[in-house]
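For reference, the structure is listed below as structure tokens.
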Amino acid sequence: MKRILPAIVIAQFFCTSLWFAGNAIIADLVKQLHIDAAYLAYLTSAVQAGFITGTLIFAILSIADRFSPSKVFFVCAIVAAVINMPVSSDGIHVSGLLLCRFLTGFFLAGIYPVGMKIAADHYEHGLGKSLGFLVGALVLGTSFPHFLKSIMTGLPWRYVIYATSVLSVLGGVAMLLLVPDGPYRKAGQKPKLNSFLKSFRNSGFRAAALGYFGHMWELYAFWVFVPVILTTYNRHYPAAQLKVSLLSFLIILAGSFACVFSGLISHRFGAKKVASIALSVSCLCCMLSPLVLFNESATVLLIFLFVWSAAVIADSPLFSTLIAQSAPPATKGTSLTIVNCVGFGITIVSIQLITALRTDMNAQYIYMLLATGPVLGLMALARNSRPATKIS
């Protein structure tokens, strides 16, 4: 039993490294395909759209509830790794690139939410702590392509693609061989198209889901624009010479430790309270961003981005915990999946909105728009008057 959580965490980390593989090499793709640097938003949105489509189909068919979650995870990890590889091809064109990223996102739907389902099946008690480690693994996986890019200076950019595909295969195999179906798993017998709507009638589930949606409005937009913020800062202060790839990795990585920490302290203070605090801090960071992003001191900027990165993700495992605990056991996987589906749909809107509105003139102020999500999420949590859930 002791090996189960580390195995899930490592498998999740390895497989989710596929998520931002395209983002880490966008500068190289711009040169090869002769596209605009703003194409980053389309590349990210293609993955998100694939993930949304996948989660919707997985939820409608109740895949994670009807079949062994570990086997679903394994199959999706292998297929996603294979689909990722053509991105490294010399002959790939823009439409092919978008298709590969879309399909990679589609099969990530069988990795991230299914990984949470597997953890929930094994850790009914102590779920907040377990999901803290699991979402921390997602953050590490998301940031890892930036790290690979930073250490592969002088090597072909395709090595980032090769490495993330290999990691995904290893993660899938690890989940299949080391993680059996959990003792708290209750297999669904047939698709239940209204299972999510039934869960949404529960006030605790509804508050957690709406809080999660507000959190997602900010999260992926922040992750996508961290390299953009650092690059823009370098243009304003050429002497700073910030290492964009390495710093992007380290800043996003800070959220991994925040997830673990929030999961651990939720045992004492309650998941809802800790999530509300994290959401409030990230909202404050959005509002304060105009005062910091072009600050003459690079140290001030970096400290601010590290704090923002920690706050923007620390609530994620806690919302997932509250959602999993509020959903009926037989449809837990479907409920987690459909909430992910809606949440990632929201990320496309926020990423595209920032991209469409951002100019050199408003680059200092544009990220204040991200505060909208946390504000609405906090309002939803405040309306739910139930006592905060204690995580044991």
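Return the only residue of Tyr39, Tyr112 being out of contact with any Ser or Thr (no Cβ under 8 Å at 6 or more places or on another chain), among the aromatic types (Phe, Trp, Tyr) and closer than 23 Å to Ile161 by Cα. Outline the logic, then answer.
Numbers: Tyr112 fails: out of contact with any Ser or Thr (no Cβ under 8 Å at 6 or more places or on another chain).
So the residue among Tyr39, Tyr112 that is out of contact with any Ser or Thr (no Cβ under 8 Å at 6 or more places or on another chain), among the aromatic types (Phe, Trp, Tyr) and closer than 23 Å to Ile161 by Cα is Tyr39.
Anything in region 259-292 that is free of Cβ contacts under 8 Å to residues at least 60 places away in the same chain and either under 25 Å from Ile26 (Cβ atoms) or touching a helix residue (DSSP H, G or I) at 6+ places or on another chain (Cβ under 7 Å) (or both)? List them, or say none.
Ile265, Val274, Ala278, Val281, Cys285, Val292
May I ask you to list the residues in region 27-58 that are modelled with pLDDT under 90 and either crowded, with 20+ Cβ neighbours inside 10 Å or not in a helix (DSSP H, G or I) (or both)? Spell out the reasoning first.
Of the residues in region 27-58, the ones modelled with pLDDT under 90 are 27-44, 55-58.
Answer for region 27-58, where residues must be modelled with pLDDT under 90 and either crowded, with 20+ Cβ neighbours inside 10 Å or not in a helix (DSSP H, G or I) (or both): Leu29, His34, Ile35, Asp36, Leu40, Ala41, Leu43, Thr44, Thr55, Phe58.
Across region 59-72, which residue is surrounded by the most Cβ atoms within 10 Å (Cβ to Cβ) among those that are part of a helix (DSSP H, G or I) and at pLDDT below 85? Let's see the steps before the verdict.
Initial filter on region 59-72 (part of a helix (DSSP H, G or I)): 59-60, 63-66, 69-72.
Going one step further and asking which of them are at pLDDT below 85, we end up with 59-60, 63-66.
On the way: Ala59: 28, Ile60: 17, Ile63: 24, Ala64: 31, Asp65: 27, Arg66: 15.
Of everything passing the filter in region 59-72, Ala64 is surrounded by the most Cβ atoms within 10 Å (Cβ to Cβ).
Residue by residue through region 333-360, note down the ones that are of a type in the set (A, V, I, L, M) and at pLDDT below 90. If you could, list the steps in order and put the result at the bottom.
Step one: of region 333-360, the residues of a type in the set (A, V, I, L, M) are 336, 338-339, 342, 346, 348-349, 351, 353-354, 356-357.
Scanning region 333-360 gives Leu336, Ile338, Val339, Val342.
Is there any pair with a first residue in region 212-224 that is farther than 14 Å from Gly255 by Cα and in contact (Cβ under 8 Å) with a residue 12 or more places away in the chain and a second that is surrounded by fewer than 24 Cβ atoms within 10 Å (Cβ to Cβ) and charged (D, E, K, R) whose Cβ atoms are under 7 Å apart and which are 6 or more apart or on different chains, and what are they?
Partner pairs satisfying both residue conditions: none exist.
Could you grab me the full set of residues in region 261-282 that are surrounded by fewer than 23 Cβ atoms within 10 Å (Cβ to Cβ) and of a type outside the set (A, V, I, L, M)? Walk me through it before giving the result.
Just the residues of region 261-282 that are surrounded by fewer than 23 Cβ atoms within 10 Å (Cβ to Cβ), to begin with: 261, 264-265, 267-270, 273, 276-277, 280-281.
Residues satisfying the conditions are Phe261, His267, Arg268, Phe269, Gly270, Lys273, Ser276, Ser280.
Here is a yes/no grid of residues against (1) β-branched (Val, Ile, Thr); (2) at pLDDT 90 or above:
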{"site": "Gly154", "(1), (2)": "no, no"}
{"site": "Thr164", "(1), (2)": "yes, yes"}
{"site": "Leu167", "(1), (2)": "no, yes"}
{"site": "Leu176", "(1), (2)": "no, yes"}
{"site": "Leu193", "(1), (2)": "no, no"}
{"site": "Lys198", "(1), (2)": "no, no"}
{"site": "Gly204", "(1), (2)": "no, no"}
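Quick one: in region 74-125, of everything that is among the charged types (D, E, K, R) and modelled with pLDDT under 90, which residue is nearest to Ile26 (Cα to Cα)?
Taking region 74-125 and keeping what is among the charged types (D, E, K, R), we get 90, 101, 117, 121, 124.
Next, from what is left, pick out any that are modelled with pLDDT under 90: 90, 117, 121, 124.
Working: Asp90: 15, Lys117: 32, Asp121: 38, Glu124: 41 Å.
The selected residue is Asp90.
Identify all residues within region 343-365 that are closer than 12 Å to Ala49 by Cα, surrounded by fewer than 20 Cβ atoms within 10 Å (Cβ to Cβ) and aliphatic (A, V, I, L, M); write none if there are none.
Val349
Starting from residues that are more than 16 Å from Tyr112 (Cβ to Cβ) and among the β-branched types (Val, Ile, Thr), keep the ones in region 287-342 and report whichever is surrounded by the fewest Cβ atoms within 10 Å (Cβ to Cβ).
Thr299
The values are calculated or read from the model by the stated rules, or taken from the named source; none is laboratory data. None of these values were measured; they are calculated from a predicted model. Reconstructed Cβ throughout: ideal geometry from the backbone, glycine too, with neighbour counts over all protein chains shown.
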